[in-house]
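The values are calculated or read from the model by the stated rules, or taken from the named source; none is laboratory data. Note that the structure is predicted; figures quoted are calculated from it, not measured. Note that we place each Cβ from the backbone using ideal geometry, even for glycine, and neighbour counts take in every protein chain shown.
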Amino acid sequence: MEENTSHEKWGFLREHSSKADGKDPLTSLHRTGLDEYLAVIFPDTKDWIHDKAFGIHKDGENHKIRPDYRSDSLKLVVEFDGLPHYTNPASIIKDDNNTIIYQKNGYQVVRIPYFIQLTNDAVEKIFGVRVEEPLFNAIFPSLGGLEMKHNPSCLCPEGLKRMAREFKRFPEQYEINIHSLKAMNNEMLSGVNYLIEEYEKI
């Protein structure tokens, strides 16, 4: 990756700014917490609750699930789905069940996969909000390179299908990541053809 990243304000997404340390080994681009992105996407929203138990809601059950971010004023739950949400089938089932619980209680649910970055176009598609400030630069891939554990080759079958379905919403990011995975020149470590096969089935 030849691009100079020193002038880039917005980095690869992490759940929270406290977890946004270090730089990406493939691009040397820094990391940015979801809390920082949300502050720009929803500048007037001040009631975000981070990683707290959902608690007792109208169905009368005490749910111990902990959404990454919840705004009661927006009736919105935002989850950052990291690698385990694509490698562990039990996590995928839990995500689906938790989404149902949130929706039953009147919340809209947004799930952001670790391989989708918050470009201006992605933010508009995900949140329905147009941010004028330039956000993440779409030229930077999320997959490929040294962090091989994040690549399609390491996902469980359902996680790979999930990745393909989510990339279908963001074709520009799909293409840049396919290019990066192919550049590894190692199908066993990249899993690029598995991803392409699932993507083309949709």
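General observations
- Check on Val109, of a type outside the set (D, E, K, R), more than 22 Å from Gly159 (Cα to Cα) and out of contact with any Gly (no Cβ under 7 Å at 6 or more places or on another chain): no
Residue-wise test of (1) at pLDDT 95 or above; (2) part of a helix (DSSP H, G or I).
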{"site": "His7", "(1), (2)": "no, no"}
{"site": "Ser18", "(1), (2)": "no, yes"}
{"site": "Asp21", "(1), (2)": "no, no"}
{"site": "Thr32", "(1), (2)": "yes, no"}
{"site": "Asp35", "(1), (2)": "yes, yes"}
{"site": "Ala39", "(1), (2)": "yes, yes"}
{"site": "Thr45", "(1), (2)": "yes, no"}
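- Test result for Arg169, under 22 Å from Asn88 (Cβ atoms), modelled with pLDDT of 95 or more and surrounded by fewer than 19 Cβ atoms within 10 Å (Cβ to Cβ): no
- The residues of the stretch 110-135 that are among the aliphatic types (A, V, I, L, M) and within 13 Å of the chain's Cα centre (by Cα), listed by number, are Val110, Ile112, Ile116, Leu118, Ala122, Val123, Ile126.
- Residue count for the stretch 100-129 satisfying the condition of being assigned to a helix (DSSP H, G or I) and at pLDDT 95 or above: 8.
- Filtered residue count, the stretch 132-156, keeping only those that are part of a helix (DSSP H, G or I), over 16 Å from Pro113 (Cα atoms) and at pLDDT 95 or above: 1
- Any hit, the stretch 184-198, residues being charged (D, E, K, R), without any contact (Cβ under 8 Å) to a residue 60 or more places away in the chain, closer than 24 Å to Pro25 by Cα and not in a loop (DSSP other than H, G, I, E, B): yes
- The set of residues in the stretch 169-183 being assigned to a helix (DSSP H, G or I) and either without any contact (Cβ under 8 Å) to a residue 60 or more places away in the chain or in contact with a His (Cβ under 9 Å, 6 or more places away or on another chain) (or both) consists of Pro171, Glu172, Gln173, Tyr174, Glu175, Ile176, Ile178, His179, Leu181, Lys182.
- The stretch 19-38, subset touching a Leu at 6+ places or on another chain (Cβ under 8 Å) and hydrophobic (A, V, I, L, M, F, W, C), residue surrounded by the most Cβ atoms within 10 Å (Cβ to Cβ): Leu34
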